[in-house]
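The values are calculated or read from the model by the stated rules, or taken from the named source; none is laboratory data. Everything quoted here is computed from the prediction, not taken from an experiment. When we count neighbours, we look across all protein chains shown, and the Cβ atoms used for this are built from the backbone with ideal geometry, even at glycine. Protein only, heavy atoms only, side chains kept; ligands, DNA and RNA dropped before computing areas. Shrake-Rupley method; radii C 1.70, N 1.55, O 1.52, S 1.80 Å.
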Amino acid sequence: MTHSLQQAPAMGRDDYKSLTARRFGLALSGIALVCAAAVADLLIGPSFLNVFDVLAALVGLDGAGDPMTIVIVHDIRLPMTLTGLIVGASLGIGGALMQTILGNPLASPYTLGFSAAAGLGASIAILTGFSLGALSAFGVPLAAFITASLAALLVLGLAWQRGMSAEVMVLAGIATLFLFQSLQSLVQYMAAPEILQEIVFWVFGSLLKADWTSVKVSGSVLVLGALLIIPDLWRLTALRLGDARAASLGVKVKPLRLRIFAIVALLTAGAVSFVGTIGFIGLVAPHIARMLVGEDQRLLLPLSGAAGAGIMIGASIASKLIAPGAIVPIGIVTAIIGVPFLFGLILKQRRAYW
């Protein structure tokens with residue numbers, strides 16, 4: 001049971017409406033900031049382009065701007081930015097869901113091994129040259145998707161044997177994380193130097209692999225996951241009161257935990273299969289959203305997605321500015337951003353938000 005839910009004072013209907021309206025305004029403001037950051041991300045890149053030409057290419061003004069600028073914006077920058085938004089939103093929502101169903105502030109798709117499993121699948125595909133013939137571009141993403149799904153099935157199988165309790169799922173996830181990380185290290189040890197370089201670059205995480213295919217596939221997975229979550233929003237809010245109280249309100253806790261866990265696995269696999277391992281977003285974004293709007297899942301999940309997308313786009317911008325003319329792998333930047341935030345969270349001891 002959370003501190004904020006335990007200590008919340010009784011309030012009248014008007015106070016509740018005012019609080020909800022204020023939180024809704026914060027959520028809309030966060031989404032607007034993310035949109036502004038996305039535009040800024042489009043304007044920044046290794047190719048030093050004129051701002052007006054980029055904006056003209058973006059809105060599709062005929063005869064405006066240089067044809068090369070139009071190609072760079074539509075075929076390179078726009079898919080990278082949209083993929084970043086989708087991946088960040090998927091991981092942010094996935095992290096909020098994991099923390100809700102497990103009652104653990106450290107739960108996230110990364111800490112429970114899904115991302116490490118995706119990295120193993122991609123590493124094996126790169127090492128073996130796995131290909132799908134005419135659909136060769138899908139070889140590595142498909143392998144990453146499959147192994148991330150296998151990791152989820154492993155955690156679910158272990159938890160199922162012990163009644164789907166939150167504690168068992170956390171322990172099973174941590175064990176899965178170390179298992180797949182060690183197997184990934186083994187694959188890297190066996191790889192030739194040139195193959196190892198490609199594997200390491202994928203594991204670092206990068207939007208350079210993004211294209212319109214990744215936008216369509218990852219975007220479709222995000223939309224599907226969001227639609228599957230909507231019917232359970234009030235049940236998830238009730239679950240933050242604790243298993244016993246949620247059950248007294250008519251929530252079937254174990255089936256809910258199983259269903260949401262499967263959705264998180266789907267969101268994570270769809271997010272990281274194209275761009276590589278991305279850490280900390282699923283851990284940090286939900287805490288930012290929770291500080292702003294509390295535990296109401298109707299607002300927490302959208303704002304967690306917006307916070308995740310914002311962190312991802314901020315990391316994308318930073319990756320381009322750190323070394324002008326080159327792009328630092330975004331997975332490194334998200335870790336640099338995430339670690340200080342967690343240190344601050346620990347030092348301030350802001351338990352009221354958890």
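Can A271 be described as open to solvent by less than 10 Å² (accessible area, probe 1.4 Å), closer than 30 Å to F341 by Cα and at pLDDT 85 or above?
yes
Would you confirm, using the coordinates I've provided, whether A56 is touching an Asp or Glu at 6+ places or on another chain (Cβ under 9 Å), open to solvent by less than 40 Å² (accessible area, probe 1.4 Å) and at pLDDT below 85?
Details: touching an Asp or Glu at 6+ places or on another chain (Cβ under 9 Å): no; open to solvent by less than 40 Å² (accessible area, probe 1.4 Å): yes; at pLDDT below 85: yes.
No; evaluated as a whole, the condition is false for this residue.
If you go through segment 142-153 one residue at a time, do you hit one that is under 25 Å from R77 (Cβ atoms), out of contact with any Asp or Glu (no Cβ under 7 Å at 6 or more places or on another chain) and open to solvent by less than 40 Å² (accessible area, probe 1.4 Å)?
Just the residues of segment 142-153 that are under 25 Å from R77 (Cβ atoms), to begin with: 144.
Those still in the list that are out of contact with any Asp or Glu (no Cβ under 7 Å at 6 or more places or on another chain) too: 144.
Now narrow it down to the ones that are open to solvent by less than 40 Å² (accessible area, probe 1.4 Å): 144.
The answer is yes; a qualifying residue exists.
Which numbered condition trips up A192, out of (1) modelled with pLDDT under 90; (2) open to solvent by 20 Å² or more (accessible area, probe 1.4 Å); (3) among the aliphatic types (A, V, I, L, M); (4) under 28 Å from I86 (Cβ atoms)?
(4)
So S206 ticks every box in (1) out of contact with any helix residue (DSSP H, G or I) (no Cβ under 8 Å at 6 or more places or on another chain); (2) among the hydroxyl-bearing types (S, T, Y); (3) in contact (Cβ under 8 Å) with a residue 60 or more places away in the chain but one. Which box is left unticked?
With (1) out of contact with any helix residue (DSSP H, G or I) (no Cβ under 8 Å at 6 or more places or on another chain); (2) among the hydroxyl-bearing types (S, T, Y); (3) in contact (Cβ under 8 Å) with a residue 60 or more places away in the chain applied to S206, the lone miss is (1).
Exactly one condition in (1) buried (at least 16 other Cβ atoms within 10 Å of the Cβ); (2) farther than 22 Å from A306 by Cβ is false for R245; which is it?
In the conditions (1) buried (at least 16 other Cβ atoms within 10 Å of the Cβ); (2) farther than 22 Å from A306 by Cβ, R245 misses (1) alone.
Failed condition for G63, given (1) at pLDDT below 75; (2) assigned to a loop (DSSP other than H, G, I, E, B); (3) touching a Leu at 6+ places or on another chain (Cβ under 7 Å), with all others met?
The one condition G63 does not meet is (3).
For the structure I just gave you, tell me whether L179 is over 16 Å from V264 (Cα atoms), of a type in the set (A, V, I, L, M, F, W, C) and open to solvent by 20 Å² or more (accessible area, probe 1.4 Å).
Against the criterion (over 16 Å from V264 (Cα atoms), of a type in the set (A, V, I, L, M, F, W, C) and open to solvent by 20 Å² or more (accessible area, probe 1.4 Å)), L179 qualifies.
I'd like to check which helices (runs of 4 or more DSSP H) are fully inside segment 252-354 and have at least 3 residues that are of a type outside the set (S, T, Y) and out of contact with any helix residue (DSSP H, G or I) (no Cβ under 6 Å at 6 or more places or on another chain).
253-275, 297-322, 330-348
May I ask you to verify whether Q161 is more than 23 Å from the chain's Cα centre (by Cα) and open to solvent by 70 Å² or more (accessible area, probe 1.4 Å)?
Taking the combined requirement at face value, the residue satisfies it.
Find all pairs meeting these conditions: Cβ atoms under 7 angstrom apart; at least six residues apart or on different chains; first residue within segment 33-44 and part of a loop (DSSP other than H, G, I, E, B); second residue among the basic types (K, R).
Going by the 7 Å Cβ cut-off, the qualifying pairs are I44/K320.
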